[in-house]
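Each value in this text was obtained by applying a stated rule to the coordinates, not by laboratory testing. Remember, it's a predicted structure, so these values are computed and weren't measured experimentally. Cβ coordinates were reconstructed from backbone atoms using ideal geometry, including for glycine residues, and neighbour counts include every protein chain displayed.
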Amino acid sequence: MDAIRLVGKLGTFAQTHQRGADGLFERAQQGDEEAFGLLFEQYARQTFNFIYRMVGQSDLAEDLAQETFVRAYKKLGALRLQEGTQLSTWLFSIAKNVVRESFRSRRKNQNERGLEDVFTLAVSGDDVTPDGQLWNKELQQIVQQGLKTLDADKRLVFVLRVFQQCSYEEIAAITGYSVPKLKADLYRARIQMRALLRPYLEQSNEM
Amino acid sequence: MKCNECAPLLEDLLYSNLGTTQKDLAEHLTVCDACAREYALLRKEKELYDRCDLEVAPNFWAGVQARIAGENGLHAQRFVGLFDGVRFAHMGAAFTGLIIVVGSIGLWRYLETRPGPAEFPNAPQVSVATTEQKSDAVAVTVSSKTEGSLIDKRDVSKHPLVSKPFNLKGASRAYARKIEKPLFSTDTVVERNQIFTSQRRDLDADSARHLEQVEILLRSFKNSRFLRDSNTLDLTYESRLSKDLLVRNALLRRDAELAGDVPLTRLLDQFEPFLVDIANLRDNSDSKEIRQVRESLTKAQIIAALHSF
């Protein structure tokens, strides 16, 4: 009945959905933890992956991702989203700052642990064979090693573009860099990473 | 579309819809092997990177919620702590305010009930008495009501700030000598006036009013004219005013000396003999006596000193 009644009123459902999302956002802004969870849980995987690509340690990445959400929860009350701005962009900005602060503190403590925990992580995909799982883990290690060779700016741009698939505008909003710089950084990072991944690319062709 | 136009758009083609450009790009990729190979490589890379996507731990969001709850608890504790602080601050403020109010009331009551200089119960009482035996003499005495006071009833002659009892005849004789030998040379007066002028300061209201009255009295006395066919002058008013001013003068001089105000003390000391002389003049003094006092007044330039002070 609702569907029938909605016929002839284009955009009504979309408006209702938008109002629901707005209500959720307002509730979350007022400190409702449940609303915050409903609104932000979908970004957990993205945020964790982004931070993991940046820091290369799963435990640390999880801790920093949680820290990112706690900060988001605290700052959400003051957030005024402009038109066209996505929550993910805002969240990645917070995550970027959290990662930078972590780098600074780690530089002071000089206790970098490297990438030894890569093999303990569960790679996504349910239909992966044991050989495929091993191959994936090896690929993870190579990718992380390659990311580690990139400087901080290129790594940030590359991760946001390739792994998080953000648009140039979003990356510019998150990083504060200009779009031409982003494109140049991305091009160089891609060339650098391609050299490392060439054997896997050929293997991928064979598979 | 050419290859150099195509290359930058290949990556956009991977992640987004290029709209009308996408059709041109697709046409170019069908005819250009190099661009097609590049695009294929990008797609393979994307597939590889997509395979690197990691799963988050199942308890990840529970950890986030726990940390948020912990932050909220901490915030609540801080909030309560803030109110604790506010409560103590309020108590402190209330206590301080109470002290201020009580102090203000006490100060106000004290100022309201504080006796003036003439109202001090223990203050020395200065009186000018004209004895019947010496009807033409004025004696200034300082007495205190307080038993055992340092200034216990005594004659003004014993007080260091008050001159000896005045006697018209003695004073006249003294000023008769002073006419020959003026109290101040002109140079001295000018110097003193310069000092007074340079050291001009704010006098208290009583002193200023007193000096003004003395100046007016002396000026009035100096400018008074004898009636025609008469060598007498009615100085009843001036004589009575001089007596009043003498009393005040004694008090002010004592206060000035206690306050360490040397210039004022000297000035009060300087014109006091003239007040005594005027006070001791009879109601119908003859012109000779009056002229003597006037001349001494002119010579001493005391009016100018008063004016400049």
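If you plug the beta carbon distance of A:Asp59 and B:Ala7 into 1/(1 + (r/R0)^6) with R0 = 56 Å, you get a FRET efficiency near 0.85. Whole-Hz ³J(HN,Hα) for each residue in the stretch B:96-102, computed from phi via Karplus 6.51 cos²θ - 1.76 cosθ + 1.60 with θ = phi - 60°, x for glycine and proline: what do you get? With coefficients 6.51, -1.76 and 1.60, one gets 4, x, 4, 4, 4, 4, 4 Hz. Note on B:His90 and B:Ala304: the extension gain reaches 70.7 nm, defined as 0.36 nm multiplied by sequence separation minus the Cα-Cα distance. Taking only the Cα atoms of the stretch A:123-207, the ratio Rg/Rh comes out at 1.04, with Rh defined as the Kirkwood radius.
Applying D = kT/(6 pi eta Rh) to the stretch B:3-51, where Rh is the Kirkwood radius over alpha-carbon pairs, T corresponds to 25 °C and eta to 0.890 mPa s, the Stokes-Einstein value obtained is 223 µm²/s. Taken along the Cα-to-beta-carbon direction at a fixed 7 Å, the label points for B:Tyr110 and A:Ala152 span 6.5 nm.
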